[in-house]
Structures are given as structure tokens and as C-alpha cells.
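Heads up: the structure comes next, in C-alpha cells.
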Amino acid sequence: MNETDVLDIAREALMVVLKTSAPVMLIGMGVGLIIALFQALTTIQEMTLTFVPKIVAIFITIVLFLPFMMTTVIEFSNTLFDRIANVG
């Protein structure tokens, strides 16, 4: 295994991390923006109002996107194991 292979594996690993975390991060950001807009319009500045809806939305997102995230990680793992087996 040379430097090119290591860089390729690192690039693929970063892409897997981005693909698996993107749905959760985007939903969390969207819910946060909606809550911030609601707070700005109503002048309600309750701290717990920001956390509870985000936690619920992120939990639901994880449950809904878990099959996609698992498939992505398993495919990357299988590709990585195949590369390791072909080196030796």
C-alpha cells in the first residue's frame, strides 16, 4: 500500500462521514433556524425552547436515516476489507 492508496482511503472515509452526518446536521440546522425565527418574531427567549425540538427532530432523523447510514458505512467497510485482502 502506497501513499496514493492511503490518501484515497482517507478521502473515501471523509466522504462517508459527510454522507452519514449530513441528514442529521441539516435537519438540526433547519429546526434551529425555524426556532430562532420564531423566537425573534415573538420575543420569547426561553433557553429550553431551542433544545427540546432539536433533540426530538434529530432523534427522528436518526431513526429514519439509520438504514441509509448503515448501508453507507457497511459498503465502505466492505470496500476497505477487500483492499486489505488484496494487499496481502
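The values are calculated or read from the model by the stated rules, or taken from the named source; none is laboratory data. As the structure is a prediction and not an experimental result, all values here were calculated from the model. Here the Cβ positions follow ideal geometry from the backbone for every residue, glycine too, while neighbour counts run over all protein chains shown.
Structure data summary
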quantity: Residue pairs meeting the criteria (Cβ under 9 Å; at least 6 apart or on separate chains; first without any contact (Cβ under 8 Å) to a residue 60 or more places away in the chain, in the stretch 18-29; second of a type in the set (Lys, Arg)); calculated: Ile27/Lys54; Gly28/Lys54
quantity: The stretch 23-33 - residue that is in contact with a Ser or Thr (Cβ under 7 Å, 6 or more places away or on another chain) and of a type in the set (Val, Ile, Thr) and, of those, nearest to Ile74 (Cα to Cα); calculated: Val24
quantity: Only listed residue being touching a Ser or Thr at 6+ places or on another chain (Cβ under 9 Å), surrounded by 11 or more Cβ atoms within 10 Å (Cβ to Cβ), in a helix (DSSP H, G or I) and hydroxyl-bearing (Ser, Thr, Tyr), chosen from Thr71, Thr50, Thr61, Thr20; calculated: Thr20
quantity: Subset of the stretch 58-88 (residues that are among the aliphatic types (A, V, I, L, M) and at pLDDT 95 or above); calculated: Ile58, Ile60, Ile62, Val63, Leu64, Leu66, Met69, Met70, Val73, Ile74
